[in-house]
1. Placing +1 at every Lys and Arg Cβ and -1 at every Asp and Glu Cβ, with all other atoms neutral, what dipole size does the range 1-153 have around its Cα centre, in debye to the nearest 20?
2. Relative to the longest principal axis of the C-alpha atoms of the chain, give the angle of the C-alpha long axis of helix 17-29, reported between 0 and 90° and rounded to the nearest 10°.
3. Considering only Gly13, Ser71, Val161, whose Cα is most displaced toward the positive end of the charge dipole of the chain, charges sitting on Cβ of Lys, Arg (+1) and Asp, Glu (-1)?
4. Just going by the charge dipole of the chain, with Lys and Arg at +1 and Asp and Glu at -1 on Cβ, which of Ala121, Ala80, Gly105 is farthest out on the positive end?
5. Sequence neighbours fewer than 8 away in the same chain don't count; with that in mind, list the aspartates and glutamates whose C-alpha is under 14 Å from Lys19.
6. Need one number: % antiparallel among DSSP beta bridges in the range 1-108, to the nearest 5.
7. Which of Lys19, Lys123, Lys37 moves most in a GNM of the chain, Cα contacts under 10 Å?
8. With axes computed from alpha carbons, what is the tilt in degrees of helix 52-70 against the longest principal axis of the chain, rounded to the nearest 10 within 0 to 90?
Amino acid sequence: MKIKLQGVTVAVGSSNPAKIKAVESALKKLKIKASVKSCRVKTTIGPQPLSLRETLRGAIERAHNARALLSADLGAGLEAGIVSFPATISGYLNFQICAIVDRDGRVTVGTSPGFEFPTQAVKKVISEEVAELEVVMEEISGEKKIGEKYGAIGFLTRNVVTRQDLGE
């Protein structure tokens, strides 16, 4: 079966500029001509996924909901979450998952490399002192809306790797 990849519409299930730019950049790198639209969508997960299962579910729900809402050819859902991981200082790694869904409901999934947040940030989220890692990273970095810019990974790597990079 041949899949049409030129002239498609892609709905991104987020209003986060870093996620939208990541999808646009990935399509450009793949030489796919697409019209990219974005919209806020609801998911059944909380603001900070705390497992691989939650992160995956959030990405897939974002992709499905965005595609349906905007009647697009493809839906793209990007979700970042922390996953329990042995041999790490904090006990967790952060992964970003991207799910792409087509009109037939077929889903394909990819993940970013994992990285560790500072232990104090992870502890505050796990203990439910804060709802999202972004809140703590704003405090640590002094940068408001860090997740809509270069992300925690940008701060931690001095912009060698950014949130957009993880989404591509």
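1. So the magnitude is around 900 debye.
2. For 17-29 against the chain, the angle is about 50 degrees.
3. Ser71
4. With unit charges placed on the Cβ atoms, the residue in question is Gly105.
5. Glu79, Glu148, Asp165, Glu168
6. 60
7. Lys123
8. On a 0 to 90 degree scale, this one is about 40.
No value in this document is a laboratory result; all are computed from the given coordinates. Please read all numbers here as calculations on a predicted model, not as lab measurements. Counting neighbours? That spans all protein chains shown, and the Cβs are built from the backbone with ideal geometry, glycine included.
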